[in-house]
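Before any comments, here is the structure.
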Amino acid sequence: MIGLGYDIHRFKEGRPLVLGGVEIAHSHGLDGHSDADVLSHAIADAVLGSLGLPDIGHWFPPGDPDCKDISSLRILEKAAALIREQGYELVNVDATLIAEAPKILPHRTAMQENIGRALGLPAERVGIKATTNEMLGAIGRREGIAAMAVAQVRSV
Ligand code: MG
């Protein structure tokens, strides 16, 4: 079984930039109710989608005071727990970040480790890639960061 996830968040001044649970020094962070970790959100939706479960907005409603500024690694943990409850395990996840800046490569290993730990997967089963948007559209104007992801699960 496979699932697909997509997310996008706007840049906002005065917030930390968190991607894959890694805080990255940058001029802007991302706006959002949680830590706005767009990469973790896309992966969580891919995991949930693999079994046709409702998306992260169902489990972590926007505006819920309990979710304010939470680490999105908690969202990944919840998604993985829901998969296990259904009698499935994750095989791998793969994701692409779309951003003009910052550079992702120096943080890739740390992101793989954080996401792998949250999902109960070895780091090498967490694919993290990044591309620019060739300066096209909102992402190209550096207005935000998007991410897409797939997840594969199998019955235990
Ligand atoms: Mg999001």
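Derivation of every value follows stated rules applied to the coordinates shown; laboratory data play no part. Predicted model, so just to flag it, every value in this text is computed and none were measured. Positions of Cβ are backbone-derived with ideal geometry, glycine not excepted, and every protein chain shown enters the neighbour counts.
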Extension gain residue 77-residue 91, at 0.36 nm per residue separation less the Cα-Cα distance, in nm? 3.5 nm
Taking r as the C-beta separation of residue 142 and residue 58 and R0 as 30 Å, the FRET efficiency to the nearest 0.05 is 0.45
Mean separation of Cα pairs under 8 Å and 6+ residues apart, divided by the residue count of the stretch 75-122: what relative contact order is that in percent? 56 percent
Across 10 Å bins from 0, what is the distribution of all Cα-Cα pair distances for the stretch 2-155, in whole percents? 12, 45, 34, 9, 0
Hey, got a sec? Which trypsin sites (Lys or Arg not before Pro) in the stretch 34-106 land in a DSSP loop and have at most 11 other Cβ atoms within 10 Å? 68, 103
Extension gain from residue 154 to residue 101, taking 0.36 nm per residue of separation minus the Cα-Cα distance: 15.6 nm
Express in nm, to one decimal, how much length is gained between residue 117 and residue 131 on full extension, taking 0.36 nm for each residue of separation and deducting their alpha carbon distance. 2.6 nm
Between residue 84 and residue 6, what FRET efficiency comes out of the Förster formula 1/(1 + (r/R0)^6) with R0 = 25 Å and r the beta carbon distance, rounded to 0.05? 0.55
Of 25, 118, 36, which is the most mobile in a GNM of the chain whose springs link Cα atoms less than 10 angstrom apart? 25
